[in-house]
Amino acid sequence: MSHNSREKLRITNLHAYYDESHILHGIDLSVMQGELVTLLGRNGSGRSTTLKAIMNMVGKRSGEIVVNGQNTMTMPAHKIAHLGLGFCPEERGIFASLSVEENLLLPPQVRSDAMSLEEIYAIFPNLHERRTSQGTRLSGGEQQMLALARILRSGANILLLDEITEGLAPVIVQKLAEVLMLLKSRGLTILLVEQNFRFAAPIADRHYIMEHGHIVEEILAAELSSKSDLLNTYLGV
Amino acid sequence: MRSRLAILVLLGLALAAPLVIYPVFLAKVLCFALFACAFNLLLGFAGLLSFGHAVFLGTGGYITGWLMINSGLTPEIAIIAGTVAGGLLGAVFGKLAVKREGIYFAMVTLALAQLVFFLYLQAPFTGGEDGLQGVPRGKAFGLIDLADNQTMYYFVLAIFLAGFWLIHRTVHSPFGQIMKAIRENESRATSLGYDVNQYKWIAFIISAALSALAGSTKTLVFELASLTDVHWHMSGEVILMTLVGGVGTIIGPLVGAGVVVSMQNYLSGGELGNYLHIIMGAVFVVCVLSFRSGIVGQFNKFRRNNF
Amino acid sequence: AATDGKIKIGVLADMGGTYADLCGPGCVIATRMAIEDFGGKALGKDIELVSADSQLKPDIASSVARKWVENEDVDVIGGLVSSAVTGAVTQVTNNSKNITLITGSASNAFTTSACSPYIAHWTYNVVALANGTVKQMVNEGKNKWFFITADYAFGHALEGVSMKVIEANGGETVGTVRAPLGTTDFSSYVLQAQASGANVVALANAGNDTVNALNAAAEFGLTDYMDIAGLLVFTPNAQAMDPDTAQGMRLTTGFYWDMDDQTRAWSKRFEALHGAIPSMAHAGAYSATMHYLKAVDAVGTDDSDAVMKQMKLTKPDDFFARNATLRADGRMEHDMLLVEIKKAADRKNKNDIYNIVEVIPGNKAYNPMLPSCAF
Amino acid sequence: MATFLGINFFALFGQLLIGLINGSFYALLSLGLAIIFGLLRIINFAQGAMYMLGAFVALLGFKYIGMNYWVALLIVPIVVGVIGVLIQRFLIRPIANEDHLYSLLLTFGLALMIQGLFTHWFGSSGQSYPVPDALKGGVRLPFMYLPNYRAWIIVVSVLVCFSTWWMIEKTKLGVYLRAGTENPQLLQAFGINVPLIVTLTFGFGVGLAGFAGVMAAPVYSVSPDMGSNILIIVFAIVVIGGMGSIGGAILTGLGMGVVEGLTKYFYPEASATVIFLVMVIVLLIKPSGLFGKNA
Amino acid sequence: MSKTEADFILSTQHLSKGFKGFTAVDDVNLNVSRGDIHALIGPNGAGKTTVFNLLTKFLPPSSGKILFNNQDITSLDPAAIARLGVIRSFQISAVFPNLSVLENVRVALQRKEKNSLHFWTSERVLNKLNDKAIELLASVGLESFAYSKTTDLSYGRKRALEIATTLALEPELMLLDEPTQGMGHEDIDLVADLIKKVSQNRTILMVEHNLHVVSKLADKITVLQRGAILTEGDYATVSANPQVREAYMGTETVDQEVSA
Ligand SMILES: Nc1ncnc2c1ncn2[C@@H]1O[C@H](COP(=O)(O)OP(=O)(O)OP(=O)(O)O)[C@@H](O)[C@H]1O
Ligand SMILES: Nc1ncnc2c1ncn2[C@@H]1O[C@H](COP(=O)(O)OP(=O)(O)OP(=O)(O)O)[C@@H](O)[C@H]1O
Ligand SMILES: [Mg+2]
Ligand SMILES: [Mg+2]
């Protein structure tokens, strides 16, 4: 296979399991540099699992995952982040025993061009205000902001974002859309899992639709209107 | 229907066993089986690992032993008194312990039990290191002389069946239903208006009382109550029995008690006594590493897969 | 006990615990030596020997004894160290009418408050210990005593008997402290002894407890201005003590391997099998077993009553039992030895530990018989 | 002068000092336990066995290869720590994802095995280990004779405890440790080698027990059950201090030693139970322990 | 505001909560009318969840009073409040995963039976609750799943089950914290319809960020900001308020086609 240098992430025939349950049944996808791609699908279709599998956080995997041209299947989890991957989990994963600022500073910097604390606080003034308080004392929405801010600060240039608009007030959601556009324009690569189609649609370049652990459809941004029926059947939009 | 039959067969075996096997050994197995079942009520059905259950076994034993020696009561009264005492102690410990969960619960029960261990070591009525020796078995209901080992065995069997039935009933009762729910999702149970700690507390008391019942009976069988029954090694042993047999299964603890007691019996009879702790430790390690569902759990799995 | 015409001896001892060196595997060896010396057969059949570890736990001992006599036709149980264990075992054997040969335990209860027609208490007891060591020291003017006592039957008995001896000889007890069996850190007890104003600290304990207590006493400088009396010291313990601390310490024992040719001869044979010189319990186990087997042979049955009657009729007499008789209460009365621990410089080898100071005749050493126990 | 209001101050101070010495061991042992618990949420039941192992390695090293005390103080914790690393790596890690109660049971089994093996090999009677020459003798204080070695125990324990506490609470490593406790998987996804940290921490905690073992060898007799006797008390101390609280473990360890010493003076009968009594009272008033955060 | 006090099933008076010098809820006077679906909205960190926690006593208020049916419940414990009929649902799926769907509902029904501490009677006495349980399951469209294991249900159905369980307690007042969070579109509508349906004869107070759901369901909306009430009213009033638009809604509008 020829390696395309703009291809930041390529997944081939990925299977993943939790204990005995087989969740992903052969996923194929790829994301180019500067692209924003979404994974859509119903609850339980395996989108979060795909992201976790990339980070080697599931029980067992097979297939191939190539990040920046490097196969990561045999890599231990802690090495993967150093390829420039930043993961924002669905359940946010804020550390209760650390303050907001400690949470922010926790992930080691994997790239030198990381966002500074000032930049982060400018985007999320709530976090600045609450920076000394315990991480999990934040409101639901604030925790969501913190989880995202944390990986922006680490300088990762491939972002795996799982339902980041969940529980956020509409104003913030709008602001997030702007932030993602900004990141994209800076050349970051984003793989986004979203329920909120109205949020994802205008900013994404491509969409993959998942069902029962398979990718059942790939839709380009331009095809959205022509394929809206298809979307409807898969997502019930 | 099949299980009815199985129960009848088992019961028949239990009735015939002392004709072939040394009845005191059988009685010992039953006492420990009851103890393990009581323990399993807490671990398997309430999800609470107590590391201090020996204290209830021992308390039952001491109370019954003391009464038999000093009061002239009939054995069944002395046993009931021991059981009640265990239940009361369980009420006190439970109140303190159920506030915590998981490992914390284990540590708290362990430390509380150790407190009582030292009390018993020093209290005059327990006989300290010597224990209570020469506890008379007496006449059950003033009629049945228990001095004969065979009679004693049937008496123990009756007690065991009663205890076992109570455990079975508790698991399959409205109370048991709530316990299950609490195990599944504690905060949801709270939000439905159940006072979770109260349920755990009651389960703890039942378990403690039944453990004491086992201890009381054991004291009569061996005519002796001693510190061994209160020592934390004994708390470990009952965990081992339950683990070997299968946590959360109804008859697992019974099987586990049979296996562990036989093993001890075999080892302590000869010069292998030395190896007892090594082997028990090894069984623990093996069980935890690769045999977590225990004999009965494994057997059930096998049956499900093959039949 | 069923009289099945076959002799089976059970030795119940501490195979791996604190008292293992005093009466553990060694007691089994000594018993086997007796059986072999006897010819291996009694009543025309091979004599069987079984053994088990009491783990020093009364309940384990009790259930093993019960299994032996009820289910495995064991006729006689020997060994037996730790009074708690012995008490539990005799409860079983007295009931089942099986003979018990107590060789390791010290409590005098087995021939007084807990006496029975089926008990033979062989090697020594607390009374003999007190009448040896304590009496002598009080008479030398060591009149203020402080006790560090093992907190179980044996310790209590030893303490009680010793106090009586102290009082009877004009001394006084200024304090006692009870340490659990198996205590390793005696420092706080030693401090209490120090503050008590006594001039003798009595260690009413045994085995490692004695060794540890002595070490702590030395560490905290107690030995500089107080005498230590080890009330019960077995040879392995005496060997384990730092000679600089222990030298000159007096103690009473029922046997010393290096007393005369007879003791040396047996002890060498024992040492070859066991790897260490015998303690008094080892020698006692041999002597008791031999006496029992001779009685069986004489009466031609394994019936306990008949055998016991015969044992009491004939006088035990061997390298261990000197000027001995088995009294009606089951007490085996024999000469005791008051010995002194040798200085390091005086020792010829590692086994050379005592000087014999005095031989105490049995009737002076032991408690008088109670009428109620004269079976 | 020595007594006032019926209190014999000499005896009292003596017991307090002894209490402090015992407290030093409690502190060392509960520190190790708290570290392991803090990071792995495992109650290491084998901690007592590791303490015993430390004493035995020192003793055997002395007997067979003439290893002296000072060398032992350096080598033995490493040896025991490596054993801990192996235990963590090959026995605990495979069940790390199961309920933590299983690792408690596993270490309980290990403790039984190790203690059983040593009893089998060496018998349960204790053996003595000589006090190093440099620390022989003692100083005569107004109220007691303080052996030099016992004074040394206090100084060294306090030093070791404090530096460990500083390392864990005040460095970036400490932040990783705390975060790793809560969500090791995520921390690893951020690029931190959590399994390594976990294994090393376990080794370190166990090594501390080994260290305490060497420290104890010259004063307590070295026997296979020396660990199991002290372990339960240490558990109670950790519960009192608040499980997982490092500073709490140290302070409570020392404090409980002193409380025990006081009890030995005023009411010796209760000295074995007093720590457990304190535990009950603390649980009634503050279930999360003196220094514990409310769960 | 013509309603008298008696019409308010729940009201708070000067309710405040501070955390170490930070005021999360600031002098809130919230009045919930009987029979309403009342929505609590506001920017992140405004104090909505904290208000819920105060109402159910998962947190003690710093000051102020809580009245339920004109009874002061400020000092009651959480279980007691639940028993009065104030039931809260959790954000994460609150079911008993290894019980059957029917049993899930029965656990809730059982509470009124007063036999829950009976460990000596057979669980067969609970069978008489089955009809009622099935009825409740039917009301949320789950009757055909009655005997399945709960883990096997889809996310949306678990939410429905949770609601059925809550209904079994016959709550007078239901508190829902972001009931549609994390849901796919089809589930959102399902749950929204369900809420509408069960709001018959009872009062619902909910926190929700999904404006579509809010606009569709809420009879009244209270907007919180920085712990204090910014404004109240129906959806049209509130969404027209420029302060609300700036602090919370942004430029978002709810277009009717999507909700169809
Ligand atoms: N830790 C786990 N153990 C076992 N099964 C799991 C685990 N996490 C998820 N699953 C199962 O894997 C399947 C896919 O889950 P996943 O979280 O990837 O779905 P999703 O598409 O992200 O949906 P959601 O909207 O719920 O986040 C589901 O059936 C879920 O039950
Ligand atoms: N226990 C606590 N300690 C300190 N601050 C807290 C605590 N709980 C909440 N807060 C703070 O109080 C404020 C209100 O939090 P709350 O959870 O009520 O917000 P919310 O309105 O529910 O927000 P969201 O919509 O994001 O869930 C937040 O700024 C939060 O950081
Ligand atoms: Mg997901
Ligand atoms: Mg909230």
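The values are calculated or read from the model by the stated rules, or taken from the named source; none is laboratory data. In this text, all values refer to a predicted model and were calculated from it rather than measured experimentally. Don't worry about glycine lacking a Cβ; one is built from the backbone with ideal geometry, like all the others, and counts go over all protein chains shown.
Quick notes on this structure:
- Filter result for A:Arg186 (surrounded by fewer than 23 Cβ atoms within 10 Å (Cβ to Cβ) and within 30 Å of E:Val51 (Cα to Cα)): no
- Members of the range C:210-221 found to be surrounded by fewer than 21 Cβ atoms within 10 Å (Cβ to Cβ) and in contact (Cβ under 8 Å) with a residue 24 or more places away in the chain, listed by number: C:Ala218
- Scope the range E:54-65; condition within 12 Å of chain B (Cβ to nearest Cβ) and either of a type outside the set (A, V, I, L, M, F, W, C) or within 16 Å of ligand 3 (Cβ to nearest atom) (or both); matching residues: E:Thr56, E:Lys57
- All positions within the range A:72-116 that are of a type in the set (Lys, Arg) and within 18 Å of A:Ile158 (Cβ to Cβ): A:Lys79, A:Arg111
- Residue that is surrounded by the fewest Cβ atoms within 10 Å (Cβ to Cβ), among those in the range D:282-295 that are more than 10 Å from chain B (Cβ to nearest Cβ) and aliphatic (A, V, I, L, M): D:Ile285
Yes/no matrix, rows are residues, columns are (1) buried (at least 24 other Cβ atoms within 10 Å of the Cβ); (2) within 11 Å of another protein chain (Cβ to nearest Cβ); (3) at pLDDT below 95:
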{"site": "D:Phe4", "(1), (2), (3)": "no, no, yes"}
{"site": "D:Phe13", "(1), (2), (3)": "no, yes, yes"}
{"site": "D:Phe45", "(1), (2), (3)": "yes, yes, yes"}
{"site": "D:Tyr51", "(1), (2), (3)": "yes, no, no"}
{"site": "D:Phe56", "(1), (2), (3)": "yes, no, no"}
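- When residues of the range A:85-100 are limited to those that are at pLDDT 90 or above and assigned to a loop (DSSP other than H, G, I, E, B), the one farthest from ligand 1 (Cβ to nearest atom): A:Phe95
- Residue identified as at pLDDT below 90, within 16 Å of ligand 3 (Cβ to nearest atom) and within 11 Å of another protein chain (Cβ to nearest Cβ) among A:Gln174, A:Gln144: A:Gln144
- Counting only residues that are crowded, with 18+ Cβ neighbours inside 10 Å and of a type in the set (Lys, Arg), the range D:122-172 holds 1 of them.
- Filter result for D:Lys170 (out of contact with any Pro (no Cβ under 8 Å at 6 or more places or on another chain), of a type in the set (D, E, K, R), free of Cβ contacts under 8 Å to residues at least 40 places away in the same chain and more than 14 Å from chain A (Cβ to nearest Cβ)): no
- Some residue of the range E:54-66 being part of a loop (DSSP other than H, G, I, E, B), away from ligand 4 (no atom under 16 Å from the Cβ), surrounded by fewer than 20 Cβ atoms within 10 Å (Cβ to Cβ) and not acidic (Asp, Glu): yes
- Which listed residue, of C:Val190, C:Val233, C:Val174, is of a type outside the set (S, T, N, Q), more than 19 Å from D:Val139 (Cα to Cα) and either buried (at least 22 other Cβ atoms within 10 Å of the Cβ) or out of contact with any Ser or Thr (no Cβ under 8 Å at 6 or more places or on another chain) (or both): C:Val233
- Qualifying residue in the range A:154-162 (condition: near ligand 2 (Cβ under 8 Å from one of its atoms), crowded, with 23+ Cβ neighbours inside 10 Å, within 14 Å of the chain's Cα centre (by Cα) and not aromatic (Phe, Trp, Tyr)): no
- Whichever residue in the range A:33-54 is in contact with an Asp or Glu (Cβ under 6 Å, 6 or more places away or on another chain) and either of a type in the set (S, T, N, Q) or more than 18 Å from A:Pro89 (Cα to Cα) (or both) and, among such residues, is surrounded by the fewest Cβ atoms within 10 Å (Cβ to Cβ): A:Glu35
- Here the condition is being more than 16 Å from ligand 3 (Cβ to nearest atom), of a type in the set (Lys, Arg) and not assigned by TED's automatic domain parsing to the domain that holds E:Ile188; of E:Arg34, E:Arg106, it holds for E:Arg106 alone.
- Checking A:Glu20, A:Glu101, A:Glu90 one by one, the residue that is of a type in the set (D, E, K, R), out of contact with any helix residue (DSSP H, G or I) (no Cβ under 7 Å at 6 or more places or on another chain) and touching a residue at least 12 places away in the same chain (Cβ under 8 Å) is A:Glu101 and no other.
- Failed item, numbered, when C:Lys348 is tested on (1) modelled with pLDDT of 95 or more; (2) assigned to a loop (DSSP other than H, G, I, E, B): (1)
- Residues in the range A:122-141 that are among the hydrophobic types (A, V, I, L, M, F, W, C), more than 10 Å from chain E (Cβ to nearest Cβ) and over 21 Å from the mean Cα position of the chain (by Cα): A:Ala122 alone.
- Test: residue in the range E:78-92 that is away from ligand 4 (no atom under 16 Å from the Cβ), free of Cβ contacts under 8 Å to residues at least 60 places away in the same chain and assigned to a loop (DSSP other than H, G, I, E, B): no
- Single residue of the range D:252-267 satisfying the filter (within 12 Å of C:Gln192 (Cα to Cα) and buried (at least 22 other Cβ atoms within 10 Å of the Cβ)) that is nearest to the chain's Cα centre (by Cα): D:Gly261
- Looking across the range E:17-44, the residues that are not hydrophobic (A, V, I, L, M, F, W, C) and not in a loop (DSSP other than H, G, I, E, B) come down to E:Lys17, E:Gly18, E:Thr23, E:Asp26, E:Asp27, E:Asn31, E:Ser33, E:His38.
- Where A:Asn71 falls short, out of the listed (1) touching a strand residue (DSSP E or B) at 6+ places or on another chain (Cβ under 7 Å); (2) of a type outside the set (Ser, Thr, Tyr); (3) within 23 Å of A:Ile172 (Cβ to Cβ): (3)
- Long-range neighbours under 7 Å by Cβ, at least six apart or interchain, first residue without any contact (Cβ under 8 Å) to a residue 12 or more places away in the chain within the range B:141-157, second assigned to a loop (DSSP other than H, G, I, E, B): B:Ala147/B:Arg137
- Filtering B:Gly252, B:Gly236, B:Gly246 for residues that are on the phi > 0 side of the Ramachandran plot and touching a residue at least 40 places away in the same chain (Cβ under 8 Å) leaves a single hit, B:Gly246.
- Which listed residue is assigned to a helix (DSSP H, G or I), of a type in the set (Ser, Thr, Tyr), farther than 20 Å from B:Thr83 by Cβ and within 21 Å of the chain's Cα centre (by Cα), from B:Tyr153, B:Tyr199, B:Tyr104: B:Tyr199
- Those residues of the range A:57-93 which are on the phi > 0 side of the Ramachandran plot and away from chain D (no Cβ under 14 Å), in sequence order: A:Gly63, A:Asn68, A:Gly69
Quick grid of which residues meet (1) part of a strand (DSSP E or B); (2) surrounded by fewer than 20 Cβ atoms within 10 Å (Cβ to Cβ):
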position	(1), (2)
E:Thr166	no, no
E:Ile188	no, no
E:Ala192	no, no
E:Asn201	no, yes
E:Leu205	yes, no
E:Lys216	no, yes
E:Thr231	yes, yes
